[in-house]
Each structure stands twice: as structure tokens, then as C-alpha cells.
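For reference, the structure discussed in these notes is given below.
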Amino acid sequence: MRSAGNVSIILCRVRCNTSRSRSTLIRIFQQAHVDLEQGPLEDQEKYFGHHECEVFSEEQQLATESENRWNNCEKNRGHENFFSVQYFRDNYLPKLQSDRDREVINTWIDCTVKLQVTCTSKDRPDNDPHAKDRGKIGCRYGTGFIKLVFSAVYDKPCLCAICKGKVAEKHWGFYVRTAGHVVFNTEEAKTTQVQLNYDDDSCEPKFGYGVDVVKFQPKRDWIDMWCVTCDQEIGAWIESIYCCWSDGDDQLKPPDLSALLPGCGEDCIPVLIASHPHGQPKKITLGEFRGRDRKNCRIEYSNPTCKGSSGAAVFVSDRRTRKFTHILWALPVHSRVIESRTAQKEHINCGHDGWLI
Ligand SMILES: [Zn+2]
Ligand SMILES: [Zn+2]
């Protein structure tokens, strides 16, 4: 497992041991995003377009089929602009200006998780992208982002899929944000496996498990899912990542990613997406912000994505926000994409507008 970084671990140890009670709610990527709940929702229906979940039937062998779909992908043949985590860390992160910027992006990548959902609720509406699969047994891959981590709990039953509330094991709770068409409700959340730290195939699988949907924005197509893990190694690891960000006087400065895009001039706004295309190990794609549609609360970016990327958070590196003390990020990838504009030649994808400028 990649650690949170030497700097992170040192900071974490100091801070965790001195200044924070165990019950403190750890809140990291401060919610700079704006839900725009009061925002306009005109023309909602036409934005139900292509989703980017990777769906498998009950009979299909998941690992083999996932690899086949990666190898035979028509949308992004060869996936040449999808970087493995190691390649990105070796070849792109060194271009950033400071250790702190590298730490921010490393943590962003670490917080990206693969989701495997085995239920499609009968309560999904008729216009849902997965309506035809309602009630069927199968599997759906998407991506999520760890948004909050709670301190470890020692004396209560663990609700993970293994303990099932029967064992009072030390465990951690955390929130994962994803698209509502990836995980629709609590019924689906309870069948959701969260694979953490899936950076390459050599990684030992580490899991958390969905328990409940704690916040649901059906019209905005995103949810927050409460998850738990009693894997002691992974629990301590996710806690350490957050600990490093939340305590002390340091504030989270948005990193400048312009060095990652050749020829990125004054008007260029870099965008980074980490996701699990086709359910494969995590990949990083880079692109540019192409604009936004305030009326319909969405953004456009040029990053390539594939099935399995639905639900990934969108990191926008806007120079105008550098003075801010929190990370700005958009809501999940492919939340109600604009069907007619998912032109693959142009690599235009859309998601909700989730940040404030
Ligand atoms: Zn693909
Ligand atoms: Zn457990």
C-alpha cells in the first residue's frame, strides 16, 4: 500500500497524538462545492443521457469480463491518455511546484474508490438510466470519492458485510460520494462493496461496505453513502490521510496543475479525474475545463472517461481560486450528461457545476 506520504505520516502522528479527540469528526475536503439546490432545474429530463457505469449480468465472470472490456473499448481505443497511478506519480507529479501540491493530489487519488453494486432497486423511476435492470441480479461498477472519515469506533457492533452487526470490532465509518445512478438508495448501498487503494493489480484487495444512503439529491443525481470498514490496516490508513488534512492550522490551498498540461496558458483551467474505467485499477486523466452552463448547473471538460467512471469527482484547478483555503471540486462525473454532446471525438463530458467561483 502506498502510504499517505512521509510528510503526511509525520504530520499526522504529531497532530493525532496531541490535538484531537477520538470522537472528532474529521472533515477534510471542505465542502466548497455548492449544491445549487436553489438553482434552476429546467430541462431536467433531456439531461438523462449516457451513463458511464460498467454493467455485468449475473452469469458473467467479472474479472475476465472487466479486462475484456478494457482491452476492447471502442470509446477510447488503447486508453493512451489514461495513466496508471504509478505512471502519473512518476511522470506528472514531479512537475508540480511544491510538496504540498503533490500531497494534495496524492490524497485526491487515494480518496478515489471503486464501487461494485449488485442490486438494482425496483424503486428506481422509469426514466432512470438503469430502469431496465430493476429487480435483476447483476453487477454494476462505478467510482466514488471518500468525502468524510470518522474516527475509529471501538465499542459498537460493526455493520460491515462480514460482521453484520454481530461483532463489536474496531471499525471506521466514512462517507463516499458518487452518482445517484451508481447507487440509488439504501437497498442498493447495502449491496455495495467499496474497494480502496486499487491502484494496480498487485494491490491486495481492501474493502469497505455500504450501509446507508445519508444524503440523496435525486434531481442532481448524487448521493452520499455511509460506509464502514473493520480492516485495521485500511481503516488506519484512511484515517491518517484525513488527519493530515484536517488538524492544525494548515489550510488546504488548491494546487496549481497548469504544469501538467503542455501549453496551458493564462486561460487554461486544468481538470483532473481519477476513476476506475471498466472496473480496472485506478486511472488518471487530464484535460481542460471547457465551460459551464449555470442555468443547468453543469460543467464541461475534455478529460476522457469510460464506463466505470460514473461517480468520480472532478478536480478543477482554477487560478482564480488559489487564494481560497479549501479544495474546489465538482460533483460526480456523468451526473446527467447531455446526451447530444457526449461527442467522443471531442471528448466532451459534462457533470454538474459543483463549485463556486
Ligand atoms: Zn474504455
Ligand atoms: Zn466488520
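Just so it is clear, none of the values below were taken in a lab; they were calculated from the coordinates. Only a predicted model underlies this, so the values are computations on that prediction, with no experimental measurement involved. Glycine gets a Cβ as well: all are built from the backbone with ideal geometry, and neighbour counts include every protein chain shown.
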Inset, instruction - Net charge near Lys215: determine it from the other residues with C-beta under 9 Å of the C-beta of Lys215, scoring Lys and Arg +1 and Asp and Glu -1. - result: 0
Legend entry - Leading residue at positive end of dipole, region 78-216 (Cβ point charges), from Pro125, Ile105, Tyr209: Pro125
Inset, instruction - Provide, as a two-decimal number, the C-alpha radius of gyration of region 135-200 over 2.2 N^0.38 Å, N being how many residues it has. - result: 1.24
Inset, instruction - Using a cut-off of 10 Å between beta-carbons, work out the net charge of the residues near Glu188 (Lys and Arg +1, Asp and Glu -1, Glu188 not included). - result: +1
Legend entry - Convex hull (Cα only) mean projected area of region 70-176, reported in nm² to one decimal: 11.0 nm²
Legend entry - Sequence of His181, His79 once ranked by neighbouring C-beta atoms within 10 Å, starting from the fewest: His79, His181
Legend entry - Ranked Glu74, Glu288, criterion: other C-beta atoms within 10 Å, fewest first: Glu74, Glu288
Legend entry - Where labels lie 7 Å past Cα in the beta-carbon direction, separation of Asn91 and Lys132 in nm: 3.7 nm
Inset, instruction - Would you please name the chymotrypsin sites (Phe, Trp or Tyr not before Pro) within region 163-226 that are DSSP coil residues with at most 13 other C-beta atoms within 10 Å of their C-beta? - result: none
Legend entry - Qualifying chymotrypsin sites (Phe, Trp or Tyr not before Pro) in region 89-155, DSSP loop, other Cβ atoms within 10 Å at most 10: Tyr154
